[in-house]
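Working notes, structure below.
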Amino acid sequence: MAGKRDNYSDNEHSILYGETGGICPLCSNKILFTKPGSKKISKGYEVAHIYPLNPTPVQANALVGYRVPPLINALDNVIALCPTCHAKYDKDFQLSELVKLEGIKKQFLNDAKAKLSIFEYPLHEEIYEILDAIIDYNADSSNLESVNLDVSPVDKKLKTGMSNLQKREIKANAVDYYIRIRDHINRLEQMDQLSVKLLQGQINNYYLVMQIQHPDDKDLVFNYIAEWMSEKSKKSILASKILTSFFLRLVPQFRREGSGRG
């Protein structure tokens with residue numbers, strides 16, 4: 001018996017459109033448009049099933065042994081595609097394209113989950129001062145104190161699951177800003193030691209949550225932590241990446257170095 005296509009609600013369409021960022025994930029064309037002479041926005045996408053709703057004989061043959069989603073019409077198995085890409089996907093079906101779309105959809109779902117967690121996990125206000133100190137700091141100044149910083153903990157901690165480019169960025173940020181951030185945290189600790197401990201605990205907690213969600217992709221973990229800091233503090237994403245680099249350098253699980261306690 002043929003499966004019946006769901007009629008997706010306006011809210012579900014908003015979710016499907018929103019996760020794409022407004023472009024077809026296969027060809028990068030816009031999936032909303034305005035017709036010439038009209039002010040009304042028109043929908044330029046279709047809801048495509050990643051695993052086919054009703055596989056053709058050719059599709060069924062290609063899908064032998066492949067996992068069937070428990071709910072074919074669930075949002076996890078549909079994605080917004082432009083009509084051209086949707087038609088091509090159905091007509092010229094290849095298992096490799098299905099795997100590609102599953103990967104794209106998985107990334108969309110991961111991003112949505114991480115954004116939702118931003119609102120669930122608080123960030124202590126002391127972080128705002130540290131980010132402001134980073135933003136105001138001139139890391140290119142010729143008068144900067146030189147630092148011979150051991151960055152081997154980064155290589156050990158991020159040995160797998162992180163790209164070389166991301167590790168390079170983390171190590172460079174840690175070296176350039178280590179003294180500035182360390183000294184600022186030490187000053188905060190002298191004024192309110194418990195607040196600093198709370199801050200460290202919050203960052204460590206969010207790190208563990210992201211690590212559990214993405215155990216094999218430390219690039220994602222790094223970027224989600226930085227986005228969390230930036231969104232909660234309303235500060236620069238660049239400054240948030242630098243501060244994330246500082247904490248990621250430390251071992252284990254963001255243990256802070258400084259003031260002689262390691």
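The values are calculated or read from the model by the stated rules, or taken from the named source; none is laboratory data. These numbers come from a predicted model, not from an experiment. Neighbour counts run over all protein chains shown; Cβ positions are idealised from the backbone, glycine included. Surface areas here come from the heavy atoms of the whole protein model, side chains and all, with no ligands, DNA or RNA. Shrake-Rupley method; radii C 1.70, N 1.55, O 1.52, S 1.80 Å.
Specify the residue that is most open to solvent (accessible area, probe 1.4 Å); the eligible residues are those in the range 209-262 that are modelled with pLDDT of 80 or more, among the β-branched types (Val, Ile, Thr) and out of contact with any Gly (no Cβ under 9 Å at 6 or more places or on another chain). It comes out as Ile212.
Of all the residues in the range 4-47, those that are of a type in the set (Gly, Ala, Ser) and open to solvent by 90 Å² or more (accessible area, probe 1.4 Å) number 1. Applying the criterion of being among the hydroxyl-bearing types (Ser, Thr, Tyr) and surrounded by 13 or more Cβ atoms within 10 Å (Cβ to Cβ) to the residues of the range 60-113, the residue that is farthest from Cys27 (Cα to Cα) is Tyr89. Mind listing just one residue for me: the one in the range 2-31 that is in a helix (DSSP H, G or I) and of a type in the set (A, V, I, L, M, F, W, C) and, of those, nearest to Ala80 (Cα to Cα)? Per the stated criteria, the residue is Leu16. Could you run through the range 114-129 and say how many residues are open to solvent by 30 Å² or more (accessible area, probe 1.4 Å) and either in a loop (DSSP other than H, G, I, E, B) or in contact with a strand residue (DSSP E or B) (Cβ under 7 Å, 6 or more places away or on another chain) (or both)? Residues meeting the conditions: 4.
For the range 14-34, state whether one or more residues are over 26 Å from His214 (Cα atoms), at pLDDT 90 or above and among the acidic types (Asp, Glu). No; the residues of the range 14-34 include none that is over 26 Å from His214 (Cα atoms), at pLDDT 90 or above and among the acidic types (Asp, Glu). Quick check on Asn11: is it out of contact with any helix residue (DSSP H, G or I) (no Cβ under 7 Å at 6 or more places or on another chain) and over 17 Å from Phe108 (Cα atoms)? Here the answer is no, as Asn11 does not meet what is asked. The single condition among (1) out of contact with any Lys or Arg (no Cβ under 8 Å at 6 or more places or on another chain); (2) open to solvent by less than 80 Å² (accessible area, probe 1.4 Å) that Ile50 does not satisfy is (1).
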